[in-house]
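The values are calculated or read from the model by the stated rules, or taken from the named source; none is laboratory data. Computed from a prediction, not measured in an experiment: that's the story for all the values here. Neighbour counts are summed over all protein chains in view; Cβ atoms, including those assigned to glycine, are modelled from backbone coordinates with ideal geometry. Heads up: the accessible areas ignore ligands, DNA and RNA and are worked out on the full protein's heavy atoms, side chains in. Shrake-Rupley method; radii C 1.70, N 1.55, O 1.52, S 1.80 Å.
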Amino acid sequence: DGGITQSPKYLFRKEGQNVTLSCEQNLNHDAMYWYRQDPGQGLRLIYYSQIVNDFQKGDIAEGYSVSREKKESFPLTVTSAQKNPTAFYLCASTPGGADTQYFGPGTRLTVL
Amino acid sequence: GIQVEQSPPDLILQEGANSTLRCNFSDSVNNLQWFHQNPWGQLINLFYIPSGTKQNGRLSATTVATERYSLLYISSSQTTDSGVYFCAVNDRGSTLGRLYFGRGTQLTVWP
């Protein structure tokens, strides 16, 4: 089946540790996105990538890093510099431009 | 960036009732999507509707781009309609595809 997968579903981290969230898509989409959702809030954009080996910061990029070495993969690293990392993280992709955006199932990150 | 406001923030209905959710946005857009977020957090596409009217079963949506608002209609509500409904838009001047989200409408449908 075509779609977007994210792993793990739940992730627990100790303060001071870096963690990497996986996002994979087999839709052959060019553009991929990472969003963060906090309770009672809408989604906010962390990073996005329109093409392999290129990515741009979104509205809340501080404390996060990404890579785009393959078209189908867009991993997000939450670094120890992120002051409040506990949140729900959603990955999305789109064929390009202003097309319909599709979302993965998300990863819930909790910092202990 | 574009400001997106959704109303009402919360809506409680009895099964069978109809409802209208509203989304106002502050600038011209070339993409507007309605999503339903289920209790497990999955965002499900309902409509891609930068302008005009679309219908899908009990749900329909209308976007009046010139007046910068969109409406989502839910008829004959069912308990499975419960969840958060988000409106998201893309800046018309941008080719980047990023979405700006509203805060959502929390819908609860009681049996």
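Each of A:ILE4, B:ILE44 has its accessible area taken with a 1.4 Å probe; listed largest first, they run B:ILE44, A:ILE4. As a fraction of the 1.4 Å probe accessible area of segment A:8-87, surface on carbon and sulfur atoms comes out at 46 percent. When B:ASP27, A:ASP38, A:ASP59 are compared by accessible area of protein heavy atoms, the largest-first order is A:ASP59, B:ASP27, A:ASP38, using a 1.4 Å probe. For chain B, a simple Cβ point-charge model (Lys and Arg +1, Asp and Glu -1, everything else neutral) yields a dipole of about 200 debye relative to the Cα centre. 3J(HN,Hα) couplings calculated from phi for segment A:44-53 with the Karplus curve 6.51 cos²θ - 1.76 cosθ + 1.60 (θ = phi - 60°) are, in sequence order, 10, 7, 9, 9, 8, 9, 9, 7, 4, 6 Hz; Gly and Pro show x.
From largest to smallest, the equivalent ellipsoid semi-axes obtained for segment B:17-70 from the alpha-carbon gyration tensor read 20, 14, 11 Å. Carbon-plus-sulfur accessible fraction, chain B (probe radius 1.4 Å, protein heavy atoms only): 48%. Gyration tensor analysis over the Cα atoms of chain A returns equivalent ellipsoid semi-axes of 22, 14, 13 Å (largest first, whole Å).
Residues of segment A:91-110 whose accessible area, computed with a 1.4 Å probe over protein heavy atoms, drops by at least 30 Å² once all protein chains are present relative to their chain alone are A:GLY97, A:ALA98, A:THR100, A:GLN101, A:PHE103, A:PRO105. Excluding ligands, DNA and RNA and using a 1.4 Å probe, chains A and B jointly bury around 1800 Å² of accessible surface, summed across both partners.
Remark on A:PHE12: its backbone amide H falls under 5 Å from those of A:THR110, a criterion applied only to residues 5 or more positions apart or on other chains, H modelled at 1.01 Å from N.
Note on A:LYS14: lysines with a C-alpha under 27 Å away, same-chain residues under 8 apart excluded, are A:LYS57, A:LYS83. Taken over the protein assembly as shown, the percentage of Cα pairs per 5 Å bin, counting from 0 up to the bin with the maximum distance, is 1, 7, 15, 19, 19, 16, 12, 7, 3, 1, 0. Centre-to-centre, using Cα atoms only, segment B:37-111 and segment A:74-112 are separated by 20 Å. Ligands, DNA and RNA are left out, and with a 1.4 angstrom probe the accessible area of chain B is 48 Å² per residue.
On a per residue basis, segment A:5-67 carries 53 Å² of accessible surface, using protein heavy atoms and a 1.4 Å probe.
Residue-normalised convex hull volume from the C-alpha trace of segment B:30-111: 94 Å³ per residue.
Across chain B, C-alpha contacts under 8 Å between residues 6 or more apart give a mean separation that, scaled by the residue count, equals a relative contact order of 38 percent.
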